[in-house]
1. Working only within the stretch 230-286, note down all residues that are part of a loop (DSSP other than H, G, I, E, B), in contact (Cβ under 8 Å) with a residue 12 or more places away in the chain and within 16 Å of the ligand (Cβ to nearest atom).
2. Being part of a strand (DSSP E or B) and in contact (Cβ under 8 Å) with a residue 24 or more places away in the chain, is that true of even one residue in the stretch 166-178?
3. When the stretch 246-286 is examined, which residues are found to be touching a helix residue (DSSP H, G or I) at 6+ places or on another chain (Cβ under 8 Å) and farther than 30 Å from residue 84 by Cα?
4. Looking only at the stretch 190-213, how many residues end up being part of a strand (DSSP E or B) and surrounded by fewer than 20 Cβ atoms within 10 Å (Cβ to Cβ)?
5. For residue 186, work out the one condition from (1) in a strand (DSSP E or B); (2) surrounded by fewer than 22 Cβ atoms within 10 Å (Cβ to Cβ); (3) free of Cβ contacts under 8 Å to residues at least 40 places away in the same chain it doesn't fulfil.
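Nothing in this text is a laboratory measurement; each read-out follows from the coordinates by a stated rule. Note that this is a predicted model, so its numbers are computed, not measured. With ideal geometry, Cβ positions are generated from the backbone for all residues, glycine too; neighbour counts draw on all protein chains shown.
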Ligand code: MN
């Protein structure tokens with residue numbers, strides 16, 4: 001059985017722009033790369049927003065060297081980027097944005113959500129790229145709810161949506177540069193499920209809501225995360241209440257990480273270059 005290597009409950013929150021009150025459940029900015037290929041996971045909300053006329057969010061900003069994955073649970077987020085792509089990410093939708101060689105984008109509440117107000121709940125996950133792919137062309141996958149297959153878990157334990165990778169032979173729609181699983185899991189109170197990700201892969205259990213016990217030994221109350229050993233086979237999740245989780249698994253990228261804000265490269269020299277390129281307007285226009 002995989003061991004629980006590290007676990008933590010959500011720290012205090014901070015705002016990203018004026019639209020996203022987030023808690024960082026794990027982050028490469030803490031100075032380690034143990035979560036590789038995953039860098040960071042911000043959980044926004046659930047938070048109530050009153051109706052208003054001016055969309056809240058984050059204005060034009062760059063990213064380089066990795067991918068951002070936005071999973072919307074409640075509310076609507078509108079995106080536009082320097083490749084000319086954009087759109088509204090609605091409940092159940094996922095946006096998989098490849099910053100790679102450099103992109104500018106903006107992230108705001110949608111016009112409709114802004115006008116009506118309501119509950120916003122979303123996750124933004126940062127996925128690293130191998131050195132060889134950090135100079136790839138920027139890309140964008142707008143994945144709609146209906147494209148994401150849902151699998152019933154054994155014994156009526158709940159439901160698993162395959163966003164990336166595969167589960168029980170069912171493949172998810174996201175195209176990834178390295179082998180990655182992203183599973184959106186809902187468990188019913190009192191149910192237990194065994195998961196068996198590939199040996200050698202980093203595994204992170206992200207509990208967004210509810211109470212679960214991992215491997216019959218470690219209780220977690222959302223929001224929280226636990227990182228498991230890369231070897232050891234399976235692990236179990238027993239739900240004490242109805243629970244909402246993201247299970248992340250992926251092949252580690254064993255390369256150095258040099259990071260500064262929205263840039264994640266391999267060396268400090270590449271970070272300086274990225275800052276210079278951004279300041280010189282080489283990230284395109286938006
Ligand atoms: Mn961004």
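1. 262, 283, 284, 286
2. Restricting attention to the stretch 166-178, the residues satisfying the condition of being part of a strand (DSSP E or B) are 166-167, 170-171.
Those left that are additionally in contact (Cβ under 8 Å) with a residue 24 or more places away in the chain: none.
Within the stretch 166-178 (the criterion being part of a strand (DSSP E or B) and in contact (Cβ under 8 Å) with a residue 24 or more places away in the chain), the answer is no, since none of the residues qualifies.
3. 255
4. Our first condition is that a residue be part of a strand (DSSP E or B); within the stretch 190-213, this holds for 192-195, 202-209, 211-213.
Filter once more, so that each one left must be surrounded by fewer than 20 Cβ atoms within 10 Å (Cβ to Cβ): 192, 194, 209, 211, 213.
The qualifying residues number 5.
5. (3)
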